[in-house]
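Throughout, read-outs are computed from the coordinates displayed, never taken from laboratory work. Note that the coordinates shown come from a computational prediction; the quantities given were computed from them, not determined experimentally. Cβ sites come from the backbone with ideal geometry, for glycine too, and all protein chains shown count toward neighbours.
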Amino acid sequence: MLSAIDKKLMRDVVRLKGQVLTIALVVAAGIASYVTMRSTWSSLETSRSSYYARYRFADVFATLKRAPDSIAHRIADIPGVAVVYPRIVRDVMLPIEGMPEPATGRLISIPAGRDIPLNGLYLRSGRMPEPRQDDEVLVIESFAKAHNLHPGDRIPAVINGKWRDLLIVGIALSPEYVFPASLGDFAPDDRRLAIMWMDRDVLGPAFQMEGAFNDISLHLQPGVSGQEVLGAVDRILEPYGGLGAVTSEKQVSNFILNGELSQLEQFATVFPFIFLSVAAFLLNVVLSRLINLQRQQIAVLKALGYSNRQIGLHYLQLVSIIVVLGALCGIAVGAWLGSGMTNMYGQWFRFPAQDYRLDFSVAAVSVMVSLVAGFAGALLAVRNVVRLPPAEAMRPPAPASYRVSLLDRLGLGRVLGQAAMMIVRELRRRPLRTIFSSLGIAAAVGILVVGRFGYDSFESLINTILHEEQRADVTVAFFEPIPASAAREIVHLPGVLDSEGGRAIPVRFRSGHRYRDSTIIALADQPELRRVVNRDARQVEIPADGLAISRKLGEILGVGVGDSIDIEIREGNRGTRRFAVATLVDDAFGLQGYMRMTSLHRVMGQESAVSMVYLRVDPAWLDEIHRRLKEMPEVAGVTRMDSIVKRMRDQMGQSMLMMTIILTLFGSTIAIGVVYNNARVALSMRSRDLASLRVLGFTRREISAVLLGELAVQILAALPIGLLLGTYWAHAVMESVDPEVYRMPIVISTQTYAFAVAVTVVSGIVSALLVRRKLDHLDLIAVLKTRE
Amino acid sequence: MSAILEARAITKIYRMGEVDVHALRGVDASLYESEFMVLLGASGSGKSTLLNIMGGLDVPTMGRVFYGDMELTDADEDELTEFRRQSVGFVFQFYNLIPSLTARENVALVTEIADDPLEPAEALDLVGLGERLDHFPAQLSGGEQQRVAIARAVAKRPAVLLCDEPTGALDFKTGILVLEVIARVNRELGTTTAVITHNAPIASIADRVITLADGQVHSEVHNESKAQPEELRW
């Protein structure tokens, strides 16, 4: 049997259903944002770590030109090394029929018939290659899906100059290729990169690599860090064309995956932090007002002998009902959206399985935050009432102190009319309430801005920055640098309108003990097709004899303009050069150095050579140009700008869009909840005054104008603050993510600001209409009879 | 006769907005076992303030209040709560029922926390509302609401019943009905009762009448013979 006070609770909940529901929605939106993003991140993180552990992802990776197998034993003797796994890895051209752009096949050796010691394979379908069976391969799932390939199908490959038809025996996944891409390739194309595994005893002879390897992975003993063995590995491999060993953090797929996951983790921290705090703030403000309206009932309960604790508990129950209602809704929506987002990321990160997991702790934390905020608001309000002697709490508050203000003296009352004067005085009388209301609405506006700006930034990244930087229609990359004169054949292809050579040199940037492996991109002296631009889309001029580096790279190395860094060149004649940093470039993509080609060649003491050619082409000739390029043996890859843009839209764009939609939805919910509750509470607080005005002969229109005028002033004051707040939050969000792969500009479009304003104003108008309807039905006598 | 409730030298100063209001200026007043006392005074004479202070609903600026051996003006929050819960029942001019609870539930609000209460139905029977148990305040007339309030006040079997202008918001006939109920509670349950009114004729139904004027005791009169509520005219 429910006690009387519990019945009061239930009936209050039913009576306040509009407010209970909207407050619960605000809580739900805050919690859902947290649950969605946090659970997506933690599910992906868990998928990754369990995948890595089960399939023995290696700790150290190194590539080299060629070394005899005996060298692997020397590496195995390095203290701290537990397992070594030497392999043959070779890129080949795949002349896929019907595909104008050539695809690259990466053949990786496996010990067929035996266990793979490191970087194990997950066999999705088919079987492993049989030992010594010519041409049997496993193909990575992403490529197989893109081309609809199945076990039993064949792929043509040019291996060591010979055309071979490879037989697909199985479809596989590898922890080494969760993100099948090469570094600098920020929008990988599944159709054009085929990771394939082949028996070592077949692959070795095909490349004259019997008894030799050109790639080695290491597993370390527990407690040994990769950094400790890198030097020793590099010393052993140096004479064999070692390109520098890296730890698993720098392994390409893992590096990209880390970047994405840490960005997601940051987003999953910052966005929900903002959303949940705003929801908590609003919960606090709205509940304390709601409880203030029960001031008289609280006093009566006290007069009847209820203790402060019992009364406090009664209102905490009310808060709990609202929060739990919101929490259940928020967790359910969050889990639904989280599993959707996890699946979406899953299309992009190839794990054997995406297990969506909703951590209990994730849900619990969000509920706790909301409960604490709600409790704080409720207890504060209850405390303010029970602190008063019941007799005083039952009396209407003392007549407010109004003062004749400057406005009155100016005779503004006559100009604005009596209603406007009442609005002004009421706002002035309770400045704190006005400020809190406006702040609450401003927070909602800010959330709308911050929820939506991600897409603006992404659009700007693609439409402005990428557009200004990469102005070539087609980029052709060569296997080896070729003399500029040799590239002329390409430049003179029919349909080529303009061309420009470029060179990318793999290097290690070093400053003291800090280093990064990356590339120096050398460009034309007056570049037109591949330019260097800042995130504000302005072109950066590369100084004639200087080195420019990405600002982010400068931060990592701890160097600024004028500081010198060592550059270890890892191609051709190798060697180390020392350069002063002439300019920092706030670029959006990657970490690299930039030089003019002429100065690079002078420094390297080389003849002019290019490793890529940027082309502007007549669209009508595009397919023909592709066909001709495919026939050239020196061409390693051809990239079309339009397909990069398309893939970026498909991948980053899709996740950004989904995140934006979700956050916008939550932001709008919070905005509507706040504005509506603000209006409702104002109505309850002022209904007595307004009824008195009606009795004095004011029309419905006039009293509506008084109340709605107050709301309008609060909203108008909130809009600019909210837009500023949103802008500030957007900066905070972007500063919290620090990806090395790409860095988004902070761009907030006019549409985003307009959207935030529109949602707020529309919820204001709708709330006003609802309140107006209540005002029209104001029971004058009843309102005046009750004492508050 | 021993005083069950005793106020000594009570002064109360309110700060209403920007003015100080001297509601009580050194008032002494006692309430004796089982008596029916009326506190008479014009609006603003300080009678409600005195009653609230004696009932532990308000605190005086100066002076002391005793309930038996307990000094209310020195009691902590728990002692005051216990006092209100077990010993004193209030009836207010504006009833102060909880609008979301029925008559029975409004009474149950008290019976659920008191030590030796009447059944809610029994208390409502006592005030003649046995038939309207499940009506919400909004479905009851003013007089009925006030009777629910009385039932709620007496259901805990309080030692003292304090009524602040119980008929103030009611018409004559209903007012008489409410006074009859209060008189009956005093007579049948022996509850010490104090009723505040500005309505001089009501004083004739009391054992003793204290008249307040301008925050001070103006006179104290013992009625030789009590009138019955139904004999009242005003």
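Using amide H atoms built in the peptide plane, which far-off residues or other-chain residues are under 5 Å from A:Ala82 H to H?
A:His219, A:Leu220, A:Gln221
Going by Cα centres, region A:35-72 and region B:208-234 are how many Å apart?
Each part's Cα centre sits 94 Å from the other's.
For chain A, what is the calculated [θ] at 222 nm in deg cm²/dmol (nearest 500), taking -39500 (n - 2.57) for each run of four or more DSSP H residues and dividing by its residue count?
Estimated from H runs of four or more residues: -17000 deg cm²/dmol.
What does the average come to when, for each residue of peptide B:109-122, you count the partner chain Cβ atoms lying within 10 Å of its Cβ?
2
Report, as a whole number in µm² per second, the diffusion coefficient that Stokes-Einstein gives for the protein assembly as shown at 10 °C and 1.306 mPa s using the Kirkwood radius over alpha carbon pairs. Mind showing how you got there, number by number?
Details: Rh = 35.1 Å.
Estimated via Stokes-Einstein, D reaches 45 µm²/s.
Counting other beta carbons within 10 Å of each residue's own, what order do A:Asp189, A:Asp650 fall into, fewest first?
Ranking A:Asp189, A:Asp650 by Cβ neighbours within 10 Å, fewest first, gives A:Asp650, A:Asp189.
Residue by residue through region B:206-220, which ³J(HN,Hα) values in whole Hz follow from phi under the Karplus form 6.51 cos²θ - 1.76 cosθ + 1.60 (θ = phi - 60°), with glycine and proline marked x?
Taking θ as phi minus 60°, the curve returns 8, 6, 9, 10, 10, 10, 9, 8, 6, x, 9, 6, 8, 7, 9 Hz for region B:206-220.
So if each residue of separation counts as 0.36 nm, and I subtract the Cα-Cα distance between A:Asp115 and A:Ala580, what length gain in nm does that give?
Here the segment from A:Asp115 to A:Ala580 would lengthen by 162.4 nm.
If you take the charge dipole of the protein assembly as shown about its Cα centre, with +1 on Lys and Arg Cβ and -1 on Asp and Glu Cβ, which of A:Tyr515, B:Gln93, A:Ala280 is farthest toward its positive end?
B:Gln93
What's the tally of Lys pairs in chain B whose alpha-carbon atoms lie under 27 angstrom apart, where the two lysines are 8 or more places apart or on different chains?
6
Suppose each label sits 7 Å from its Cα in the direction of the beta carbon; what would the A:Glu541-A:Ala76 distance come out to in nanometres?
Label at A:Glu541, label at A:Ala76, 5.9 nm between them.
Under the definition of Cα pairs under 8 Å and six or more residues apart, what whole-number percent is the relative contact order of chain A? Could you put the intermediate results ahead of the total?
Values: 1435 pairs, mean separation 143.2, N = 788.
In percent, rounded to a whole number, it is 18.
Just want to confirm a number: the relative contact order over chain B, from Cα pairs under 8 angstrom separated by 6+ residues, in percent.
Details: 498 pairs, mean separation 61.8, N = 234.
Result for chain B is 26 percent.
Name the residues whose placed amide hydrogens come within less than 5 Å of the amide hydrogen of A:Asp498, ignoring near sequence neighbours (fewer than 5 apart) on the same chain.
Here the answer is A:Arg616, since their amide H atoms fall under 5 Å of that of A:Asp498.
Which lysines have a Cα lying under 29 Å from the Cα of A:Lys630, excluding residues fewer than 8 positions away in the same chain?
Qualifying lysines at Cα under 29 Å: A:Lys65, A:Lys145, A:Lys162, A:Lys646.
Roughly speaking, what is the centre-to-centre gap between region A:665-680 and region B:55-109 when only Cα atoms are used, to the nearest Å?
If we compute the Cα centre of each part, the gap is 40 Å.
Would you compute the Debye intensity of region A:56-255 from its alpha-carbon atoms alone, equal scatterers and no solvent, and pass along log10 I(q)/I(0) at q = 0.08, 0.12, 0.14, 0.16 Å⁻¹ to two decimals?
Debye curve over Cα of region A:56-255, log10 I(q)/I(0) at q = 0.08, 0.12, 0.14, 0.16 Å⁻¹: -0.26, -0.59, -0.80, -1.04.
By how many degrees, 0 to 90 and rounded to 10, does the Cα axis of helix A:654-695 deviate from the longest principal axis of chain A?
For A:654-695 against chain A, the angle is about 10 degrees.
Provide the gained length on full extension for the span A:Asp69 to A:Gln227, in nm with one decimal, where the gain is 0.36 nm per separating residue minus the Cα-Cα distance. Walk me through the numbers on the way to the answer.
Working: separation 158, 0.36 × 158 = 56.88 nm, distance 2.36 nm.
Fully extending the segment from A:Asp69 to A:Gln227 adds 54.5 nm.
At a Förster radius of 35 Å, what calculated FRET efficiency corresponds to the Cβ-Cβ distance of B:Met16 and B:Glu230, to the nearest 0.05? Working shown, then result.
On the way: r = 39 Å, r/R0 = 1.12.
Once the sixth-power term is evaluated, E becomes 0.35.
Would you mind getting me the FRET efficiency between A:Leu665 and A:Asn463? Use the beta-carbon distance for r and R0 = 25 Å, nearest 0.05.
Efficiency for this residue pair is about 0.50.
Helix A:360-386 versus the longest principal axis of chain A: what is the Cα-based angle in degrees, 0 to 90, to the nearest 10?
20
Could you list, bin by bin from short to long, the percent of Cα-Cα pairs of region B:78-234 in 5 Å steps?
P(r) for region B:78-234, in whole percents per bin: 2, 10, 19, 22, 20, 14, 9, 4, 1.
Calculated FRET efficiency, A:Asp359 and A:His731, Cβ-Cβ r, R0 30 Å, to nearest 0.05?
It comes out at approximately 0.50.
B:Gln93's amide H: which non-local residues (gap 5+, or another chain) put their own amide H closer than 5 Å, with H modeled 1.01 Å from N in plane and none for Pro or chain starts?
Result for B:Gln93 returns B:Asp164.
Between A:Lys17 and A:Glu624, what is the label-to-label distance in nm when each label sits 7 Å out along the Cα-to-Cβ direction?
7.2
Exactly which GluC sites (Glu not before Pro) in region B:163-234 are in a DSSP loop and have at most 10 other Cβ atoms within 10 Å?
Here the sparse-neighbourhood loop sites are B:Glu224.
Based on Cβ point charges of +1 for Lys and Arg and -1 for Asp and Glu, what charge dipole magnitude is obtained for region A:29-102 about its Cα centre, in debye rounded to the nearest 20?
That gives region A:29-102 a dipole magnitude of about 220 debye.
Using label points projected 7 Å from each Cα along Cα→Cβ, tell me how many nm separate A:Leu778 and A:Asp689, to one decimal.
That separation, rounded to one decimal, is 1.1 nm.
Let's see if you can work this out: charge +1 on each Lys and Arg Cβ, -1 on each Asp and Glu Cβ, no other charges. What is the dipole magnitude of chain A about its Cα centre, in debye to the nearest 20? Let's see the in-between values first.
Working: 85 positive and 75 negative charges, 1045 e Å.
Charge dipole of chain A: 5020 debye, to the nearest 20.
Going by alpha carbons, how many degrees (0 to 90, nearest 10) lie between the helix axis of A:17-54 and the longest principal axis of chain A?
The helix A:17-54 is inclined about 20 degrees to chain A.
Would you kindly derive the ³J(HN,Hα) couplings of region A:317-331 from the backbone phi angles with the Karplus curve 6.51 cos²θ - 1.76 cosθ + 1.60 (θ = phi - 60°), listing them in order in whole Hz, with x for Gly and Pro?
My calculation for region A:317-331 gives 5, 4, 4, 4, 4, 5, 5, 5, 4, x, 5, 4, 4, x, 5 Hz in order.
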